[in-house]
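The values are calculated or read from the model by the stated rules, or taken from the named source; none is laboratory data. Model, not experiment: these values are computed from the prediction. Using ideal geometry, Cβ is built from the backbone for each residue, glycine included, and neighbour counts are taken over all protein chains shown.
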Amino acid sequence: MDIEGFKKYCTDRKFEQHVIDASIQSVRNFEHFLRKSKKDIDKASDSDFHEYSVHLISTRTNTPDNYLGILRYGYFKKKNDLIIAALEVLDGSEVITNFSKRLINELGKDTRNTIFRGINLPPLGIHPKKKPAYMKKIVQRLEEKVGTEQSVQFLKKGLRDRYEEWRRPDRKEYLASNNIDTFLEFKRKNLISELEKHCEGKTLFFTQEITEEVLDYVKKDPYIETGVRQGNIIIVKKIPHMAKAYLQETDEQMKRYFYCHCPWVKEAFRESPKPLSHVFCNCSAGFYKAYWEIVLDQPVVVDVVESLLTGAACCRFAVWLPEGTIPAT
């Protein structure tokens, strides 16, 4: 383990000293765990990471900081397996906790207890393959308790955190654009530029490798991530979560697996083309809703046009531009 190099990596990124110290300790602990099996942290695989995560859960040390420390070390060493494994643990980890809290706040404690009967909140760090079983049962009970339409409306508000600070710069860019179409053009150019940098530098775009084939695929489809305005609606489509593998895959069910972004559904596509109720995809509509409400600074409605769970080959959403939005012409 290159402690001095890692320390410099963290210092160069202006992390606070307590964050640097905690990150180094997290990596030391991981290294100590691996040594018991005569393994080297610099050669650690995703399976090694998940074995360690089981240990963290069992010792109640499965804190976000411990996973973040390992994630930072993965970036320092450019170890994609470690980066992806850590991000998969952290990504969307708030969803079921937020689900539980919103049920209490909006539908009452009795309804929450009915839906979560016999289900403990899953610990941070559980293996991705174990996540869909939680969500399948909870969404099924939600529909049974309040009906499909109310379930849709509940989920459309979103279960992810809003990431206000991360999205705030786009609000400023939108105001500077003074035109929704100009803003969409900015988003499109920014996305392509970012993907080009990842392709050239052989770095990850979140959890995926960007190849020339992936870059060409995104360039040919303006609906991906940015969206295209049609009147007062923006139609937007998700980029495949694992686009390189998606473009190479021929089996339709596995293509769904490589396309799906949701950590609470994805692994179940290995076993079934429709592993749980399609109403849950409204949570993804809520993800776009949060983004556009921050950008436009007013309430926004987002509908699911189609999704993998409805049997479609992709996930598309309709963002309804509210009255009073800066005119597009």
| Pick from Val218, Val236, Val152, Val214: which is modelled with pLDDT of 95 or more, in contact with a Pro (Cβ under 9 Å, 6 or more places away or on another chain) and among the hydrophobic types (A, V, I, L, M, F, W, C)? | Val214
| message | Considering only residues that are free of Cβ contacts under 8 Å to residues at least 60 places away in the same chain and farther than 20 Å from Lys219 by Cβ, which ones fall in segment 229-251? | response | Gln230, Gly231, Glu249, Thr250, Asp251
| task | Examine segment 277-299 for a residue that is part of a strand (DSSP E or B), within 20 Å of Val139 (Cα to Cα) and modelled with pLDDT of 95 or more, and state whether such a residue exists. | result | no
| query | Counting just the residues of segment 291-302 that are surrounded by 16 or more Cβ atoms within 10 Å (Cβ to Cβ) and in contact with a strand residue (DSSP E or B) (Cβ under 8 Å, 6 or more places away or on another chain), which one comes out farthest from Gln253 (Cα to Cα)? | reply | Val300
| Can you name the condition, by its number, that Gly311 falls short on among (1) without any contact (Cβ under 8 Å) to a residue 40 or more places away in the chain; (2) at negative phi? | (2)
| query | Identify, please: which residue in segment 101-113 is of a type outside the set (D, E, K, R) and crowded, with 16+ Cβ neighbours inside 10 Å and is, among those, nearest to Val54 (Cα to Cα)? | reply | Leu103
| query | Has segment 199-212 got any residue that is under 22 Å from Ser93 (Cα atoms), surrounded by fewer than 20 Cβ atoms within 10 Å (Cβ to Cβ) and not hydrophobic (A, V, I, L, M, F, W, C)? | reply | yes
| query | Residues of segment 191-211 being in contact with an Asp or Glu (Cβ under 9 Å, 6 or more places away or on another chain), in a helix (DSSP H, G or I) and in contact (Cβ under 8 Å) with a residue 24 or more places away in the chain, which ones? | reply | Leu191
| Subset of segment 51-75 (residues that are part of a helix (DSSP H, G or I), β-branched (Val, Ile, Thr) and closer than 19 Å to Ile20 by Cα) | Ile70
| Residue ranges of helices (runs of 4 or more DSSP H) in segment 76-135 with at least 1 members over 21 Å from Ser151 (Cα atoms) and hydrophobic (A, V, I, L, M, F, W, C) | 80-90
